[in-house]
1. Heavy atoms only, 1.4 Å probe, whole protein assembly: order B:R141, A:R379 by accessible area, highest first.
2. Helix B:465-482 against the longest principal axis of chain B: what's the angle in degrees, Cα atoms only, rounded to the nearest 10?
3. Which distances, in nm and shortest first, link the B:G116 label point to the same label point in every other copy, taking 7 Å along Cα→Cβ?
4. Could you give the distance between the Cα centres of segment B:189-239 and segment A:198-243, to the whole Å?
5. Output wanted: per-residue J couplings in Hz (rounded whole) for segment B:41-47, from phi through Karplus 6.51 cos²θ - 1.76 cosθ + 1.60, θ = phi - 60°, x for Gly and Pro.
6. Along the Cα→Cβ direction, 7 angstrom out, place labels at A:S101 and B:R366. What is the inter-label distance in nm?
7. With the cut-off at 1.5 for a/c, could you classify segment B:399-515 from its C-alpha gyration tensor as rounded, prolate or oblate?
8. Normalised by the empirical 2.2 N^0.38 Å for globular proteins, what value does the Cα Rg of segment A:452-533 take?
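The values are calculated or read from the model by the stated rules, or taken from the named source; none is laboratory data. Everything quoted here is computed from the prediction, not taken from an experiment. Here Cβ is always computed from backbone atoms with ideal geometry, including for glycine, and neighbour counts include all displayed protein chains. We work out accessible area using only protein heavy atoms, side chains counted, and drop any ligands, DNA or RNA first. Shrake-Rupley method; radii C 1.70, N 1.55, O 1.52, S 1.80 Å.
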Number of protein chains: 2
Amino acid sequence: MKWWGWGSPAKRVEVGPEAVAMLRSELGEAEPAECVRLEEVVVPAPRPLPGEVATTVGPAAVLDGHEHRVRRAAGRSYPDLIRLRAGRLEDAPDAVVLPGSVGEVTRILEICSREGIAVVPFGGGTSVVGGVEPLREGFERLLSLDLRRLRDVVVDRRSLTATLGPGLRGPEAEEALHAQGVTLGHFPQSFEYATIGGFAATRSAGQASSGYGRFDELVTSIALTAPAGDMRTLEIPHSAAGPALRELVLGSEGALGVITRVTARVRPLPERRRYEAWMAADFDSGAEMVRTLAQADVLPDVVRLSDQAETRVSLALSGTAGAKRALLSSYLRVRRRAGGCVIVCGWEGEPEAVERRHALSARVLRSGGAAALGRAPGRAWERGRYEGPYLRDELLDLGYLAETLETAHTWSRLGELYDAVRGAIGAALATQGTPGIVMCHLSHAYRDGASLYFTCLARRRPGAELEQWRAVKAAACEAIVETEGTITHHHAVGRDHTPYMRAEVGELGIEALRAIKERLDPVGIMNPGKLIP
Amino acid sequence: MKWWGWGSPAKRVEVGPEAVAMLRSELGEAEPAECVRLEEVVVPAPRPLPGEVATTVGPAAVLDGHEHRVRRAAGRSYPDLIRLRAGRLEDAPDAVVLPGSVGEVTRILEICSREGIAVVPFGGGTSVVGGVEPLREGFERLLSLDLRRLRDVVVDRRSLTATLGPGLRGPEAEEALHAQGVTLGHFPQSFEYATIGGFAATRSAGQASSGYGRFDELVTSIALTAPAGDMRTLEIPHSAAGPALRELVLGSEGALGVITRVTARVRPLPERRRYEAWMAADFDSGAEMVRTLAQADVLPDVVRLSDQAETRVSLALSGTAGAKRALLSSYLRVRRRAGGCVIVCGWEGEPEAVERRHALSARVLRSGGAAALGRAPGRAWERGRYEGPYLRDELLDLGYLAETLETAHTWSRLGELYDAVRGAIGAALATQGTPGIVMCHLSHAYRDGASLYFTCLARRRPGAELEQWRAVKAAACEAIVETEGTITHHHAVGRDHTPYMRAEVGELGIEALRAIKERLDPVGIMNPGKLIP
């Protein structure tokens, strides 16, 4: 991963000349964003850790070089990118520690509790909500606990579960599972870099969550090493033995302890994958189709409905020339629907089941008035499914802000939420003097509601990027809270959403979280400043 | 409900002469169990509650008559029945308080916290694990907080959710929902008497949970009134905003506060219901078929596989003459499979979907070697689905113990769990000098495992019923714990399973629960002696 952005430096998702022209015409000329050199990034001098740390994990597993510290000093949110490029990080961990076993995690947490050293568990570092920021909150020393050495994989073929180490990145986990003929089916946009521990700690939802389930739905058992000890839930399909402690550890974002093992449901590798696109006349009728699909139990495994703005802009920005052509030609065939909304659908599994389920979904789409665009744009979407964050770097190079955020609500209030958030982001950008494009897709559909995922594009305000971002973020969050949607459907709380947790769970909810935190982490060393205000 | 047993005194599920003969032949002659008269039941004199309680709810909503107190002094477990019939309850609430609003619940909890009065939330009183026993644990006074006046129903047709008061009994909730064309689809054996609040507090699972979902899966939002204040989760389909507090309230069994409102997913009323029975050669092959159904996503909405003992005894005990005849004739038609295992399957919903799903399930059952017994025995099962507890009273009248318990495990370890629990119960009964019949069905199937529901029958040991029961219960629980299954799949913890919670969730899990309990209920008035050891 590039130290200053997303993905391999070798991979670029180019923004073509037509797209640049479109951006300039709609958002105005922008000043390209520069990036300092790695050695120019300023971080405070590291404070030494107790010698016991190196004794515990071995000296080779304690890294305190400049690059190691910079790489764990920020996640991959838009403000993170701005700070990294400017070389102005508020702080960095004093060292990166790589435990080689659960026992070593236990001992490190003991040392840190005793010595008062903050600990930030680190997986892929892909948080877009400030989940791995090294906030000290009064602690003088802080270490990044990088879990990459905890990468066990044990598959139970009969029960279709896999027990996985937290440090496995998405592709590593899938490779090991594929060797045994199974898959998690968990493919969030961060898939290439994010880890199993991170998926669990943040309640990640993949693009195929309608079919395979969100990550928190896949988890059947979880183990947590907290400063106060170990907790693990039984490997069982379900229990009625009181409150679900598994659901306390899921979403705990490193603030209660370190997730050291996850057992999750897996599925046989799909023999067939059928992806295709449809075009709805407008967002409302498209949403109505998705609701019908969900409530009739015939949801595709992937379903995402882009609004008019996203449909139009995706087409213009589409990173893959082939994909763009494919979508464009389909689009032109149904050009009487100019202003329509694309629905990408995917079905995966055993061939007969895929075709049967496809037929049932297609019937709903057709009777809702959608026009089939065929498989080419579906395949194109699939090929480009991880490209969003690469594209964000390119846009920033060109001088444009690209920010995303997500929420969810019941079907009854989804339209209200859509209008409120879109309006709030648009107004905030205008107030910043950088009127932008606000677009949205509906995904992760449920019988009772769905998620809305917003993206906005605008001219970057050189030198005032963080102020500009904060205005947009605050406006969007306040609109969500006002409409009683959730502050996050699958990006988690991190630092950025912590101020809104009181609105999300109420005062007594906060107190319940605090009570658990104080019992499991009495000194408060675990990921300070996140999750609990 | 009969004060001393299950259901309306007008309804009896008779045990016919052939069944009695079978019981006598297999279990030995038994001494019929008597029952004292209501006025003979001994309970301590009620201690007066502060006048503020009556001022809060109104004098008519404070009941302290003998029958009211006896009716809230026990649930409906086997030991409860024994104590009720003997008129030897350890204790009873000092009064029954019926709050008429959430505000009244708040004020009652304030008074009780201040005055040190224990509170046992009371719904249908159907707990089979000692969930409503009036344990004082050091408090001098105890009141039963009967929630029957909290019975609001609000349906959101578009989102297919319903917001329900905790005091609604199963049939009341369904009647109100039917009027709006929807159903919860939650039909546990206790359906006729248990309440919405109880379903949520105990993580109830209905007989059709494979299709409609367990109750905890249906709940999208929940409100708790605790001594420390109110907590409510947003009405949203999902959130990644930290640990799921909804999952803390679900299963809280009145030990954290009072569940005052539940929002749950509903479904359109099924237009078609197709129930039928199949016969597998043996339990292992039947279990393999259910596993295949679950892992191929073609589970019927109801699926329960009885082992050979349960198949044989159900046939002999079958309460409904018609049902018995129907099952028997089918059974005889496939009598070459004597010693087989019945699988009851049910599909509900829109007719085309029912038939499509039936065909897919049937294909799996046929290729697993099951023989179709047709719809008559399926309908018979459906008619008798709530009869179990009525039958238990009849058996006790005849002098026989009938006890049930459930657990769950992954498919990989289900056989081991089955053998261990069956063996432990059988050995414990033999040691008591009352060798019995141990039978089991597999139900509530998941992709990764299933629940096992055991029933045992034996001669009652007159005068030593509780000792006999404790020996059986302890043996079963120890076998479950030893095999790392869950101590309860859907009956909850109550008093009876509390000693096994340490094995279930570990020492740190207990500490986490304690921390929450202490924050939400600082004086510890809520349902003392349950859930947390």
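1. Listed by decreasing accessible area, they come as A:R379, B:R141.
2. Its long axis makes an angle of about 80 degrees.
3. List, nearest first: 3.9 nm.
4. Rounded to whole Å, the Cα centres lie 19 Å apart.
5. Listing the rounded values in order: 5, 9, 10, x, 4, x, 8 Hz.
6. In this crude spin-label approximation the distance works out to 5.5 nm.
7. Details: a/c = 2.20, a/b = 1.36, b/c = 1.62.
Taking the square roots of the gyration eigenvalues as a ≥ b ≥ c, segment B:399-515 is oblate.
8. 1.29
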